[in-house]
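Everything on this sheet refers to the single structure shown next.
The values are calculated or read from the model by the stated rules, or taken from the named source; none is laboratory data. None of these values were measured; they are calculated from a predicted model. No Cβ is skipped: glycine too gets one built from the backbone with ideal geometry, and neighbour counts run over all protein chains shown. Only protein heavy atoms, including side chains, enter the accessible area calculation; ligands, DNA and RNA are left aside. Shrake-Rupley method; radii C 1.70, N 1.55, O 1.52, S 1.80 Å.
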Amino acid sequence: EAKQSRTVKGTKAEDKQLALPDEAGPIGRRTVEKGWDTYMLNARRQAEDYVARLDVEHTAPPFIIVCDVGHVLELYADFSGTGRGY
């Protein structure tokens, strides 16, 4: 699952996916905004929801990885196989 949190001129980033990089403005710059943490927490919750929806006989994965490409990689581990201790 991939998300793009950067918006272009107040529009959703998905609306401008085909724009050339020079039209979209600087890429990869981060500001200190509260929204960034919210995006990362939402991505983690989404991954945990995927694990919760696995079939009962399927063991939960030992890792959940949340990534903002080029900026941060968050690794959560649960070796119990229950998917409840990330």
Checklist outcome for this item: Selection from segment 33-51 of residues of a type outside the set (Asp, Glu) and modelled with pLDDT of 85 or more yields Thr38, Tyr39, Met40, Leu41, Asn42, Ala43, Arg44, Arg45, Gln46, Ala47, Tyr50, Val51
Item to check | Scan of segment 57-77 for residues that are of a type in the set (A, V, I, L, M) and part of a loop (DSSP other than H, G, I, E, B), ordered by number | outcome: Ala60, Val69
Checklist entry - In segment 64-83, how many are surrounded by fewer than 16 Cβ atoms within 10 Å (Cβ to Cβ), in contact (Cβ under 8 Å) with a residue 24 or more places away in the chain and closer than 13 Å to Val51 by Cα? => result 1
Next on the checklist: Which of the numbered conditions does His58 fail, given that it passes all the others? Conditions: (1) under 19 Å from the mean Cα position of the chain (by Cα); (2) open to solvent by 50 Å² or more (accessible area, probe 1.4 Å); (3) modelled with pLDDT of 80 or more.
Outcome noted: (1)
